[in-house]
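Have a look at the structure below, then the notes.
The values are calculated or read from the model by the stated rules, or taken from the named source; none is laboratory data. Source: prediction; values computed, not measured. Neighbour counts are summed over all protein chains in view; Cβ atoms, including those assigned to glycine, are modelled from backbone coordinates with ideal geometry.
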Amino acid sequence: MTKIHAKLGLLTAAMLAVGSVHAAEVRINGFASIAGGQTLSEGTTTSSHLTSGPTDLPTEGQATYVADPVTNGVYDDQWSFNPDSNYGIQITADLGEGLSATGQITGNGGENFEAVVSWAYVSYEFNENWTVMAGRQRLPLFYYSDFIDVGYAYHWIRPPQELVATDGDTFNGVKVRYSNYIGSWDWSAEAYYGNSEEDVVSGQITATIKSEDQHGIVLRASNSWLILRATYSGADTVVDLEQLLGASYPSIIPDGQGSEDNPLQYTFMGLAAQMNFGNVFIVSEYTHGKPDNPSFPTNGFSGRDEAEGWYVSTGIRLGNFTPHITYSENTVDYVQTGPVVTPGELSDVTAEFQSKREAITAGVRWDFHPSAALKVEYTTRADKSDDFYKGNGNFYEGAGMWGYGENGEVDVVAVALDVIF
Amino acid sequence: MTTNKMKKVLAAGLAGISLLASAAAFSATAVVVHPTNGNTLSEPEIARIFLGKSKSFPDGSEAIPVEQTEGSATRSAFVRTILKKNDQQIKAYWAQLLFTGKGTPPKQVGGGADVKKLVGQNPALIGYIDTSEVDSTVRVVLEF
């Protein structure tokens with residue numbers, strides 16, 4: 001909280017400074033989503049020895065559905081208004097001559113609507129083609145990353161959660177954008193560099209994860225009916241090992257992997273396309289994530305975990321109603337080596353296994369007002385992991401991370417009202 | 001009454017009805033700039049300016065689009081015909097840009113009379129009004 005207050009103070013100071021030197025034109029905009037939902041399934045397959053994951057999922061009795069692991073948004077069998085609800089207020093001061101300062105404060109239901117500074121940057125437009133943004137910004141990993149909080153801007157209540165999961169969604173740094181057009185095609189290229197720091201709660205322990213040398217590019221091209229997007233991102237991740245494992249960590253991780261001297265390296269890439277054919281639209285996205293060095297050892301195992309996530313979604317705009325359907329899938333292939341104790345001996349084994357989840361979402365968006373949309377959505381998600389993984393949440397992408405009902409399946413229904421102003 | 005006279009009355013009446021009908025059904029929209037602004041603009045060029053993709057006229061001078069207020073029929077026609085979107089889509093389009101620092105929607109300045117007045121005073125502005133509102137204070141660059 002102190003950190004947030006400090007940042008808010010800074011932001012206010014920046015805005016005030018701006019106001020005093022120039023008769024800045026200040027613009028206030030905002031958005032809000034009020035969403036409610038619940039699971040419709042019986043039972044639970046959540047790991048009973050859960051030590052990690054997005055939140056404290058119940059160990060028995062309730063089917064759960066994790067709607068947002070980053071903000072701890074979880075539905076269970078009681079109607080809840082928290083997981084998909086959020087708000088945001090944006091203040092932009094236009095200083096003229098292409099210079100502007102922007103702050104965006106958001107709050108999520110999963111985090112008790114506590115105010116967080118999602119964006120706080122200064123933007124300068126050199127000319128029609130070049131723009132530089134410096135400060136706190138969203139990490140533009142996914143097609144929907146930049147405006148993920150603005151429910152009004154897309155057809156779902158929440159974009160598919162089956163894309164490759166990453167730590168954190170914002171960074172502090174610099175982004176340069178070049179945009180231009182050729183014939184009927186608009187295109188742009190963005191490059192960014194920065195770092196981020198995030199506290200991750202894992203059971204009783206809070207560990208600080210720092211991403212340094214966070215860098216990436218985003219290429220985008222669009223014409224009247226097609227939008228194409230490609231992105232690459234990489235980062236060196238450092239975990240406070242002593243905080244996480246105690247002073248004895250060198251005996252647990254001899255090479256100090258994940259420390260400042262030997263950071264974890266991760267590469268992410270994504271491709272997305274959106275097509276419009278009259279009233280029909282199709283949007284699809286593919287993401288891939290892979291560590292460049294063996295992953296952080298968990299439970300004594302270390303290895304390379306390659307993750308893939310994708311979705312395809314289609315809908316039709318019928319007047320003010322937009323019915324839509326989406327299929328999404330995530331797989332993580334683990335190749336891990338670690339010690340296994342069998343009676344009388346201790347030996348290293350290499351295990352290969354896969355965690356997998358699939359989801360189908362069907363819903364309707366109703367634009368009943370120029371500034372508001374009402375959405376109803378039904379999602380069914382299934383754990384299709386290898387048996388070894390089923391119900392074995394912990395650090396993996398299994399049930400403990402995402403919550404399920406009986407037989408590794410969960411159905412969830414949600415209703416949302418999205419407004420912008 | 002002679003047959004001729006009757007025919008004439010009938011013809012005049014019909015012409016009147018069809019005129020009224022065409023006025024209602026074919027109320028046209030004009031994209032307008034300041035009379036001293038000599039630029040020629042194609043439909044896609046106008047769309048680029050109103051979608052925030054272009055900030056200048058073909059001659060390189062600054063271009064600032066002004067919109068009619070949401071809910072105006074002229075605005076809906078402009079968004080549908082020139083921007084190829086419906087009212088909700090254009091709102092979602094600007095929401096995506098606005099909250100990600102990529103652009104700000106054009107100012108909504110009021111009705112046709114407000115747009116005409118502002119455009120007539122500032123060579124950088126471009127707006128759209130009903131063709132019936134066009135006079136010498138503005139120059140029409142496109143009519144649809």
Q: Report yes if A:D199 is on the phi < 0 side of the Ramachandran plot, at pLDDT below 95, within 14 Å of another protein chain (Cβ to nearest Cβ) and in a strand (DSSP E or B), otherwise no.
A: no
Q) Before we move on, is A:D186 buried (at least 16 other Cβ atoms within 10 Å of the Cβ), without any contact (Cβ under 8 Å) to a residue 24 or more places away in the chain, closer than 29 Å to B:P44 by Cβ and within 13 Å of chain B (Cβ to nearest Cβ)? A) no
**Q.** Only one of A:Y178, A:Y193 that is within 21 Å of B:R48 (Cα to Cα) and in contact (Cβ under 8 Å) with a residue 12 or more places away in the chain
**A.** A:Y178
Q | Residue check, B:K5 modelled with pLDDT under 95 and within 14 Å of chain A (Cβ to nearest Cβ) | A | no
Q: Residue by residue through segment A:297-313, note down the ones that are modelled with pLDDT of 75 or more and under 15 Å from A:Q354 (Cα atoms).
A: A:D305, A:E306, A:A307, A:E308, A:G309
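Matching residues to (1) closer than 30 Å to A:R317 by Cα; (2) crowded, with 19+ Cβ neighbours inside 10 Å; (3) within 11 Å of chain B (Cβ to nearest Cβ):
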| position | (1), (2), (3) |
| --- | --- |
| A:E128 | no, no, yes |
| A:M133 | no, yes, yes |
| A:L141 | yes, yes, no |
| A:G151 | yes, yes, yes |
| A:I157 | yes, yes, no |
| A:F171 | no, yes, no |
**Q.** Subset of segment A:159-169 (residues that are surrounded by fewer than 18 Cβ atoms within 10 Å (Cβ to Cβ) and either under 18 Å from A:A230 (Cβ atoms) or modelled with pLDDT of 90 or more (or both))
**A.** none
Q) Residue check: is B:G38 at pLDDT 90 or above, surrounded by 11 or more Cβ atoms within 10 Å (Cβ to Cβ) and within 14 Å of the chain's Cα centre (by Cα)? A) no
(Q) Looking only at segment A:60-82, how many residues end up being among the small types (G, A, S) and buried (at least 22 other Cβ atoms within 10 Å of the Cβ)? (A) 3
Q. Counting residues that are touching a Ser or Thr at 6+ places or on another chain (Cβ under 9 Å), modelled with pLDDT of 75 or more and charged (D, E, K, R), which strands (runs of 3 or more DSSP E) fully inside segment A:315-421 reach at least 2?
A. A:345-369, A:372-383, A:409-420
**Q.** From B:F144, B:F78, residue being surrounded by fewer than 20 Cβ atoms within 10 Å (Cβ to Cβ), out of contact with any Lys or Arg (no Cβ under 7 Å at 6 or more places or on another chain) and among the aromatic types (F, W, Y)
**A.** B:F144
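So if I check each of A:L228, A:L241, A:L271, which one is among the hydrophobic types (A, V, I, L, M, F, W, C) and modelled with pLDDT under 85?
Of the residues listed, the single one that is among the hydrophobic types (A, V, I, L, M, F, W, C) and modelled with pLDDT under 85 is A:L241.
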Q: Just one of (1) surrounded by fewer than 18 Cβ atoms within 10 Å (Cβ to Cβ); (2) within 11 Å of another protein chain (Cβ to nearest Cβ); (3) out of contact with any helix residue (DSSP H, G or I) (no Cβ under 9 Å at 6 or more places or on another chain); (4) not aromatic (F, W, Y) trips up A:V122, so point out which.
A: (3)
Q) Taking only pairs six or more apart or across chains, which ones have beta-carbon atoms under 6 Å, a first residue in segment A:88-116 that is within 17 Å of A:I420 (Cα to Cα), and a second residue that is among the basic types (K, R)? A) A:T92/A:R27
Q. Among the residues of segment B:44-100, which ones are over 23 Å from A:T102 (Cβ atoms), at the interface with chain A (Cβ under 10 Å from one of its Cβ atoms), among the charged types (D, E, K, R) and part of a helix (DSSP H, G or I)?
A. B:R48, B:D87
Q) Is it the case that segment A:98-121 has a residue that's closer than 27 Å to B:K91 by Cβ and among the charged types (D, E, K, R)? A) no
Q: Can you confirm whether segment A:133-143 contains a residue that is at pLDDT 95 or above and of a type in the set (A, V, I, L, M)?
A: yes
